[in-house]
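Can you read through this structure? Questions will come right after.
The values are calculated or read from the model by the stated rules, or taken from the named source; none is laboratory data. Everything quoted here is computed from the prediction, not taken from an experiment. When we count neighbours, we look across all protein chains shown, and the Cβ atoms used for this are built from the backbone with ideal geometry, even at glycine. When the accessible area is computed, the model is the full protein with side chains, heavy atoms only, and any ligands, DNA or RNA have been set aside. Shrake-Rupley method; radii C 1.70, N 1.55, O 1.52, S 1.80 Å.
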Amino acid sequence: MKENSCNYEYSLNDDFFAALETTDIQKGDLKVNLAVKKGIATFSLDFHIEGIVVVSCDRCLDDMEVPVDTDNSLKVKFGAAYSDDDEIITIDEEDGCIDVAWNIYEFTALSLPIKHVHAPGECNEEMMGALSQHLRVTSDEEDEELYDENGENPEEGELREIDPRWNALKKILNNN
């Protein structure tokens with residue numbers, strides 16, 4: 001770096017994610033703007049990542065697109081050997097360069113929501129049908145519809161099995 005600051009632009013596509021061999025993000029189309037600022041003893045790397053990535057839906061396992069728009073920073077300095085602290089990355093002085101590919105991937109992955117699910121009604125219907133056949137209880141709302149307040153199924157007259165620990169807790173609440 002001859003100047004005190006430089007800007008780099010990267011266009012990342014499916015090949016980028018395939019080269020990293022990760023399972024979380026399979027495909028994508030990202031634009032990365034990297035601003036490098038030279039300080040007294042460190043370099044500040046500011047990333048702006050924008051675009052879309054393709055991940056598997058946690059519910060139906062079909063691919064789904066998730067938008068990405070994130071800003072992140074790294075501090076880098078030169079040293080005797082490579083080191084990756086939480087706050088600063090030390091690069092070997094003889095090497096003199098840093099590969100930011102993994103950092104871009106991590107920043108992208110960390111910007112995604114924890115749950116990857118399609119919007120209501122967009123999941124694969126065939127998979128959702130197979131899934132509902134194997135679910136024991138589907139939701140509290142359906143549970144309330146199936147049983148009355150005595151734990152009986154009004155249509156079949158069968159008693160609902162209640163965990164005895166709940167009865168013990170009800171006794172404690174009623175005594176107070």
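Where does each of Thr23, Thr42, Thr70 land when they are ordered by accessible area, with a 1.4 Å probe and the largest first? Don't jump to the answer; show the numbers that get you there.
Numbers: Thr23 120, Thr42 45, Thr70 20 Å².
Putting Thr23, Thr42, Thr70 in descending order of accessible area: Thr23, Thr42, Thr70.
Could you work out how far apart the two model spin labels at Leu112 and Asp15 are, taking each label as a point 7 Å from the Cα in the direction of the beta carbon, and quote it in nm?
So the label points at Leu112 and Asp15 sit 2.2 nm apart.
Treat every Asp and Glu Cβ in region 53-96 as -1 and every Lys and Arg Cβ as +1, leave all other atoms uncharged, and give the resulting dipole magnitude about the Cα centre to the nearest 20 debye. Show your work: numbers first, answer last.
Numbers: 3 positive and 14 negative charges, 19 e Å.
In total the dipole reaches around 100 debye.
Looking only at region 88-114, which residues have a backbone nitrogen under 17 Å from a spot 7 Å from the Cα of Ala81 in the C-beta direction?
89-96
Please turn the phi angles of region 38-49 into ³J(HN,Hα) values with the Karplus equation 6.51 cos²θ - 1.76 cosθ + 1.60 (θ = phi - 60°), one per residue in order, whole Hz, x for glycine and proline.
Result, ordered by residue: 8, x, 5, 10, 9, 10, 9, 10, 10, 9, 10, 10 Hz.
Distance cut-off 21 Å, Cα to Cα: go down the list Lys38/Lys75; Lys75/Lys115; Lys37/Lys75 and report the pairs above it. Working shown, then result.
On the way: Lys38/Lys75 10 Å; Lys75/Lys115 30 Å; Lys37/Lys75 10 Å.
From Lys38/Lys75; Lys75/Lys115; Lys37/Lys75, over 21 Å: Lys75/Lys115.
Here's something else I'd like to know. Which of the GluC sites (Glu not before Pro) found in region 84-130 are loop residues per DSSP with 14 or fewer other Cβ atoms within 10 Å of their Cβ? Could you put the intermediate results ahead of the total?
Values: sites: Glu87, Glu93, Glu94, Glu106, Glu122, Glu125, Glu126; in loops: Glu87, Glu93, Glu94, Glu122.
Of the GluC sites (Glu not before Pro), the ones in loops of region 84-130 whose Cβ has at most 14 other Cβ atoms within 10 Å are Glu87, Glu93, Glu94, Glu122.
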